[in-house]
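**Q** The structure's right below; bear with me while I get my questions together.
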Amino acid sequence: FWGELSYVCAPKGDQQGAAGEEAAGAQMEAVLGAEGVLQVIQEHVAQRPAAPALVDAETGACLSYQAADAGATAVAEALKAQGIGAGDVVALLMRPSLPLAVGMVGVMKAGAAWVLVNPDDLDGEVTGLLERSQARLVLSHAGGGIFAPETTLPTWPLSAYGELMVDASSIPVPRRGAPRVSPDTAALIHTGAQFATLSHKALLHRVATVLHVAAAGPASVVLAHTPVGAPEAVAEVLVGLVAGGATVVDARPEDAARLAGVVRAQRVTVVCADAPMLRALSEVAGPSPTLKHVVAVGGAVPLGVCTAVKQALGPQVRLHTVYAHAEAGAVAWTHAPGAGGAGGAAAAP
């Protein structure tokens with residue numbers, strides 16, 4: 001497998017001739033010309049309000065673009081009423097879920113930045129992360145089986161559909177001191193003992209890179225299952241929404257056999273996963289008629305995993321790697337079988 005490098009350039013193999021390539025190029029030009037992911041998502045809300053936006057892999061619950069936007073707007077208005085906006089950080093203590101996606105968009109609508117916190121980390125780790133992030137508020141998933149960490153931060157629970165479950169005005173939010181981040185910050189990314197800031201443009205670039213190599217559009221169904229807190233989850237949850245397609249969120253990514261069933265049942269077209277999950281998936285999954293793209297995130301993919309994925313999932317599946325570190329832009333490449341001849345090693349990008 002040889003690496004075919006792509007810096008957000010036209011994907012090869014999935015477009016139907018010059019017309020398809022021109023359409024893909026126009027789509028990317030429109031996306032990258034936006035101020036951020038929020039602007040692109042709002043355009044989809046206006047153009048296809050009844051289309052499915054978010055689907056829960058376990059329950060099958062679905063939110064249309066209009067319904068998801070209504071939930072996000074309610075969150076945003078509640079945040080702004082408490083004085084939370086540009087320069088502030090809101091922690092999202094949730095697994096991949098409908099309320100997580102609604103919360104991400106809602107925080108951006110309020111003008112604040114979000115930080116993803118994995119509720120499955122140890123209690124002390126979660127508490128320490130919340131303190132270091134200097135978040136003013138925590139959004140959690142009510143009924144999501146998530147413990148309440150020892151924190152003095154006010155916490156607003158969201159329902160399984162992203163609706164606020166409390167009267168936000170009755171839970172006081174401490175007054176803000178100096179701004180935590182610059183006004184153009186979309187998110188904080190936990191990188192060990194520190195945080196990296198991600199601007200709205202940088203976030204858009206990350207999402208657009210995955211969107212482009214996977215040729216994602218309104219007909220796409222993107223599976224988002226990377227554990228919250230991993231840098232890859234920052235873009236993965238938003239790819240389907242920016243593409244105008246549907247995002248299937250899965251809160252239990254550790255079971256490869258179950259994940260393979262989700263791909264078939266939800267007619268997933270794009271899967272994002274790290275190398276260990278791809279290896280496990282290749283051992284239990286067979287070809288899916290709808291799956292077209294597998295995007296490896298979080299590091300290089302060994303040649304053996306590339307081969308196993310192609311053999312297990314079928315020749316129609318294209319395998320890509322997307323890598324982004326901290327504030328830097330994303331880089332992507334596509335693995336092409338046999339391009340280097342028999343026995344060729346995987347080429348570095």
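**Q** Test of understanding: what is the full-extension gain from Glu254 to Ala61, defined as 0.36 nm times their sequence separation minus their Cα-Cα distance?
**A** Values: separation 193, 0.36 × 193 = 69.48 nm, distance 2.08 nm.
Gain in length upon complete extension: 67.4 nm.
**Q** Using modelled backbone amide H atoms (1.01 Å from N, in-plane), which distant-in-sequence or interchain residues come within less than 5 Å of Trp156's amide H?
**A** Distant-sequence amide H within range of Trp156: Val138, Leu139, Ser140.
**Q** Can you bin every Cα-Cα distance in segment 18-335 into 10 Å intervals starting at zero and give me the percent of pairs per bin, rounded to whole numbers?
**A** Percent of pairs per bin, in order: 6, 29, 37, 22, 6, 1.
**Q** A further question follows. Under 14 Å from the Cβ of Gly106, count the other residues' Cβ atoms, weight Lys and Arg +1, Asp and Glu -1, and hand me the total. Intermediate values should be presented prior to the final figure.
**A** Details: positive: Lys80, Lys109; negative: Asp69, Glu77, Asp88, Glu163.
Summing Lys/Arg as +1 and Asp/Glu as -1 gives -2.
**Q** Counting only protein heavy atoms and using a 1.4 Å probe, what share of the accessible area of segment 18-335 belongs to carbon plus sulfur, as a whole percent?
**A** Working: 6670 of 12070 Å².
For segment 18-335, the apolar C and S fraction of the accessible surface comes to 55 percent.
**Q** Could I ask something else about it? Relative contact order of segment 18-335: what whole-number percent is it, with Cα pairs under 8 angstrom and at least 6 residues apart? Let's see the in-between values first.
**A** Details: 674 pairs, mean separation 51.5, N = 318.
Relative CO of segment 18-335 lands at 16 percent.
**Q** For a quick check: with amide H placed at 1.01 Å from N, whose amide H comes under 5 Å from Arg318's, ignoring anything fewer than 5 positions away on the same chain?
**A** Those lying under 5 Å, H to H, from Arg318 are His293, Val294.
**Q** So in segment 18-335, what percent of DSSP beta bridges are antiparallel if you round to the nearest 5? Intermediate results must be reported in sequence, preceding the final value.
**A** Working: 15 of 48 bridges.
Of all bridge pairs located within segment 18-335, approximately 30 percent are antiparallel.
**Q** Between Ala30 and Thr155, what is the spin-label point distance in nm, taking each point 7 Å from the Cα along the Cα→C-beta axis?
**A** Distance between label points: 4.1 nm.
**Q** Residues of segment 18-335: accessible area per residue at 1.4 Å, in Å²?
**A** Details: 12070 Å² over 318 residues.
Each residue of segment 18-335 exposes 38 Å² on average to a 1.4 Å probe.
**Q** Once Rh is set to the Kirkwood radius over Cα pairs, what Stokes-Einstein translational diffusion coefficient, in µm²/s, holds for segment 35-152 at a temperature of 37 °C and a viscosity of 0.692 mPa s? Numbers along the way, then the final one.
**A** Working: Rh = 14.9 Å.
So the translational diffusion coefficient is about 220 µm²/s.
**Q** Which number gives the lysine pairs in segment 18-335 that have C-alpha atoms under 29 Å apart and are eight or more places apart or on different chains? Spell out each step's value before the answer.
**A** Details: Lys80/Lys109; Lys80/Lys201; Lys109/Lys201; Lys201/Lys292; Lys292/Lys310.
Value for segment 18-335: 5.
The values are calculated or read from the model by the stated rules, or taken from the named source; none is laboratory data. Every value quoted in this text rests on a predicted model; they were computed, and no experiment measured them. Cβ: placed from backbone, ideal geometry, glycine included. Neighbour counts: every protein chain shown. These accessible areas exclude ligands, DNA and RNA; they are computed on the full protein's heavy atoms, side chains included. Shrake-Rupley method; radii C 1.70, N 1.55, O 1.52, S 1.80 Å.
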